[in-house]
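The structure under discussion appears below in the form of structure tokens.
The values are calculated or read from the model by the stated rules, or taken from the named source; none is laboratory data. If you're wondering where the values come from, they're calculated on a predicted model, not measured in any experiment. Backbone-built Cβ (ideal geometry, glycine too); neighbour counts: all protein chains shown. To get the accessible areas, we keep the full protein, side chains included, count just its heavy atoms, and leave off ligands, DNA and RNA. Shrake-Rupley method; radii C 1.70, N 1.55, O 1.52, S 1.80 Å.
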Amino acid sequence: MSTVVTRRQVLREIETVPDFDDGRLTIHPERLMAYGDGRVLVLTSRELALLVELRRHPGKTRTREQLIEAVWGRPGAVSGRAVDVLVLRLRDKLEMAIPDVSYIHTSYGIGYGFDPQSDMEWEVS
């Protein structure tokens, strides 16, 4: 018998993660809220779950399989492509709110990680 994990159960788990605030991005998992430069980020429950999961492991790459289990609640629930699409949507929302900081980074062929980096750090003068 397979276990079905509901979105509510996934959200209940992220509510236990500590808040994050770097002065630009604020994440309140317990309140199921995130803010970019003080403005509410309108995120779906899966986008918020993805953001919280990546934030729980700063500077470390999470594989697509790990992200599927954390965000959808069980391994194999969706394809790795669904993770890629969700990351793209979340990145777009973060970049619209905080255009000069990259929060989600790709480890090609592996997965994604959370590491706030100002785009200013990467400019060549």
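Brief remarks follow.
- Per-selection metrics, the chain (Cα): Rg and Dmax in Å: 14.4, 59
- Nearest 10 degrees, 0 to 90: helix 80-97 Cα axis against the chain principal axis: 40
- Once the 1.4 Å probe is applied to the protein heavy atoms, the chain comes out at 60 Å² accessible per residue.
- A cut-off under 11 angstrom between Cβ atoms defines the neighbours of A34, and their net charge, with Lys, Arg +1 and Asp, Glu -1, is +1.
- Listed peptides 36-46, 91-101 by packing density, highest first (mean Cβ within 10 Å): 91-101, 36-46
- Counting every C-alpha pair in the stretch 48-98, the share spaced more than 12 angstrom apart comes to 63%.
- Share of carbon and sulfur in the accessible area of the chain stands at 51%, probe radius 1.4 Å.
- Computed over the stretch 48-124, relative contact order equals 34 percent, with contacts defined as Cα pairs under 8 Å that lie 6+ residues apart.
- Gyration tensor verdict on the stretch 3-66 (Cα atoms; rounded if a/c is under 1.5, prolate if a/b is larger than b/c, oblate otherwise): oblate
- Charge dipole of the stretch 73-115 about the Cα centre (unit charges at C-beta), most positive-ward option of I98, G109, G73: G73
- The charge dipole of the chain, taken about its Cα centre with unit charges on the Cβ of Lys, Arg, Asp and Glu (plus for the first two, minus for the last two), comes to roughly 680 debye.
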